[in-house]
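I have placed the structure first, in the form of structure tokens, so that the comments after it can refer back to it.
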Amino acid sequence: MDIPVFIVAVSGLVVRGNQVLLVRSPRRGWEFPGGQVEQDESPLQALEREIWEESGIIAKPFRFIGVYANLARRPGYGKWEGITLPPVLNMSFVCEYVSGEPTTSTESVEVGWFSREEARQMVTYVSFDNRLADMLDVAEGVVFAAYKAPRSGPMEWISREMLPAGAAVAEIEKP
């Protein structure tokens, strides 16, 4: 039996008034910021770091939206070229804008604030559009979804469930 392995990732839709933050990835087009949790980093630390790195914006998570598991094994790219990547387990959040101005990076060729309606039209990458809808509509519960979304071809839903809403993300003081 193989040891189960997932890439753990986070994503966050940053809200400022009636606008949301989007970044344009060279590979996937317009999307919300996010990426992999690095070694010795908590998911919330990773989320804040990824938002900062991709957009120049400082934001704090305030609502946990759900867990999205892409069970497809896909070919690697960039530094992972030539290997097959394991499935990705993504934790998604809605975040509150704190400070900063939209700034591009090597991961984002454009960054900007958009209306919710514009965002729905702009985010078209397979599986990201569904996650965006959950973030924008602030789902009435916590979403647990599993699907297969290969780099090319259609997305296949395996399961999608919503558990009743719980408390918002809160800072817990360290002992």
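FYI, it's all coordinate maths here, none of it is from the lab. The shown structure was predicted, so the numbers you read here are calculated from the model rather than taken from an experiment. Note: ideal-geometry Cβ built from the backbone for every residue, glycine included; neighbour counts use all protein chains shown.
Here are some notes:
- For residue 6, no residue has an amide H sitting under 5 Å from its own, ignoring neighbours fewer than 5 places away on the same chain, with H placed 1.01 Å from N.
- Based on C-alpha pairs under 8 angstrom that are at least 6 apart in sequence, the stretch 1-113 has a relative contact order of 36 percent.
- Sparse-neighbourhood loop sites, chymotrypsin sites (Phe, Trp or Tyr not before Pro) in the stretch 17-115 - DSSP loop, at most 15 other Cβ within 10 angstrom: 77
- Gaussian network model of the chain, Cα within-10 Å springs - most flexible of 86, 154, 102: 154
- Within the stretch 107-151, backbone nitrogen closer than 20 Å to the virtual label 7 Å beyond the Cα of residue 18 toward Cβ: 112-123, 133, 135-138
- GNM result for the chain, Cα springs below 10 Å: residue of 131, 160, 63 fluctuating most strongly: 160
- Farthest positive-ward along the chain dipole, Cα basis, beta-carbon charges - from 113, 84, 43: 84
- Top of 94, 14, 142 by mean-square fluctuation, Gaussian network on the chain, Cα under 10 Å: 142
- Going by neighbour counts of Cβ atoms within 10 Å, the residues 51, 57, 7 line up, fewest first, as 7, 57, 51.
- Note on the chain: antiparallel DSSP beta bridges, both residues inside, total approximately 70 percent of the bridges counted.
- Whether the chain is rounded, prolate or oblate, judged on the alpha carbon gyration tensor where a/c under 1.5 counts as rounded: rounded
- Each of 40, 134 was scored by other Cβ atoms within 10 Å of its Cβ. Arranged with the fewest first, they read 40, 134.
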